[in-house]
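Asks: Let me begin by handing over the structure; questions about it come next.
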Amino acid sequence: MEVRLQKVIADSGLSSRRKAETLIAEGRVTVNGQVVRELGTKIDPARDHVKVDGRHLKPAPPQVFILLNKPKGYVSSLSDPEGRPTITDLLGGVGVRVFPVGRLDYDSEGLMLLTNQGALAQTLLHPRYHVPKTYLIKVKGVLNDEQIADLEQGVELEDGRTKPAVVRKVRKAEENSWLEVTIHEGRNHQVKRMLEHVGHPVLKLTRVRFGPLTLGDVSLGQYRYLTDREANALRAVVTSRTKDVEEGVAPGSPKASVRTRRAGTRGWAKAKKGHRA
Ligand code: URA
C-alpha cells in the first residue's frame, strides 16, 4: 500500500510528521537511492528503501492504544514532582512507553487515552481539531434553562469565551443535579470553571467519552487496549478533521466530518430513590 513519505518517516518514530517534511525539503531523504524533495511523494514501505541522512529507517514499532479509567487521587501525568500517585502506578504490565493524550484533574475520574503515537496524540489534542469530550458531572444545585443556554452558547472565562457546548440534563435530586457536558476544547479545569461561572460548582466529574471512544465498563483504576475498530475510528477522526481543516470546513457545520449531535433530553429525569446525588 502506498503511503506519503513523511508519514512513513514519522511512523518509524524518527521525527514528527512536520519535521519529516523539513527533512524531505532539505534533501536529506532518499528513496531507492534517489533524493526526494517532493512532499506529496507516496511510497510503498514494504517495497521501497528509505534512508534519512544515509541511514535506513527502523521498522515502525507496533502502535499501542490504551483506555484507562482514572480514579480520583491520581495525577494524570506519568510522574509527579510532588510525589503523589500517578497514572504510571495504574499501568503495570504495559511494556511500551505510552503517553497520556490530554489531562484530567487530580480529583477527576474517567476515560484517559494513552498511546505511543505522538503525532496522532498531538492532532487529537490540537484545539483546531475540536475533538469532542463528554463529561458526566454532579453539580451543586439545579441549573435553570437560562444557565444551560448560557453554557451552550459559550461563557466568558478569564482566558476568553468558551466555544459552544452541548449540555444534557441527566437527573436532579433535592440539592444536587447531574448533567452531561460535551466540549470541544481542552483548557485547564474548563468544565469546572464553566459551571462555577453559572453559579453551580462541580462536585464530581467523570470523562465518559473522548472522540469516538466511550468509557464503557472499564472499572476504576483498570485499563484495556483499544480494539482494532476503536483504533481505526481514532485514526479516522484525525484523517477527517485534518481534511476539514485543510478545506476550511467549520466544525459543527453540515459539511463537517465529525459532528456532535444533541443527545436529546430537554427535561430532567426523575431522581431515583436512594440515588447517590
Ligand atoms: N474539565 C475540568 O474542569 N476538569 C477536568 O479534569 C476535565 C475537564
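The values are calculated or read from the model by the stated rules, or taken from the named source; none is laboratory data. Note that the structure is predicted; figures quoted are calculated from it, not measured. Using ideal geometry, Cβ is built from the backbone for each residue, glycine included, and neighbour counts are taken over all protein chains shown. Please note that ligands, DNA and RNA were not included when accessible areas were found on the heavy atoms of the full protein model with its side chains. Shrake-Rupley method; radii C 1.70, N 1.55, O 1.52, S 1.80 Å.
Asks: Roughly to the nearest percent, how much of the accessible area of the chain is carbon and sulfur, given a 1.4 Å probe? Mind dumping the intermediate values first?
Replies: Details: 7620 of 15490 Å².
With neighbouring chains kept in place, the figure for the chain is 49 percent.
Asks: Rounded, prolate or oblate: which one fits the stretch 3-56, using the alpha carbon gyration tensor with axes a ≥ b ≥ c (rounded when a/c is under 1.5, else prolate when a/b beats b/c, else oblate)? It would help to have the intermediate numbers written out before the result.
Replies: Working: a/c = 1.25, a/b = 1.10, b/c = 1.14.
Rounded shape, in that the Cα axes give a/c under 1.5.
Asks: Can you compute the FRET efficiency between T30 and L125 using 1/(1 + (r/R0)^6), with r the Cβ-Cβ distance and R0 = 35 Å? Round to the nearest 0.05. Don't skip to the answer; put the middle values down first.
Replies: On the way: r = 33 Å, r/R0 = 0.94.
E(calc), rounded to 0.05, equals 0.60.
Asks: With each run of n ≥ 4 DSSP H residues scored as -39500 (n - 2.57), what mean residue ellipticity at 222 nm is computed for the chain after dividing by its residue count and rounding to the nearest 500 deg cm²/dmol? Present the calculation step by step, with values, prior to reporting the outcome.
Replies: Values: 6 runs with 61 residues, N = 277.
Calculated from helices alone, the mean residue ellipticity at 222 nm is -6500 deg cm²/dmol.
Asks: Starting from the 7 Å offset along Cα-to-Cβ, what nm value, one decimal, do you get for the label separation of E146 and W268?
Replies: 1.7 nm
Asks: In addition: Would you mind getting the accessible area per residue of the stretch 133-210, heavy atoms of the protein chains only, 1.4 Å probe, in Å²?
Replies: Dividing the accessible area of the stretch 133-210 by its residue count gives 45 Å².
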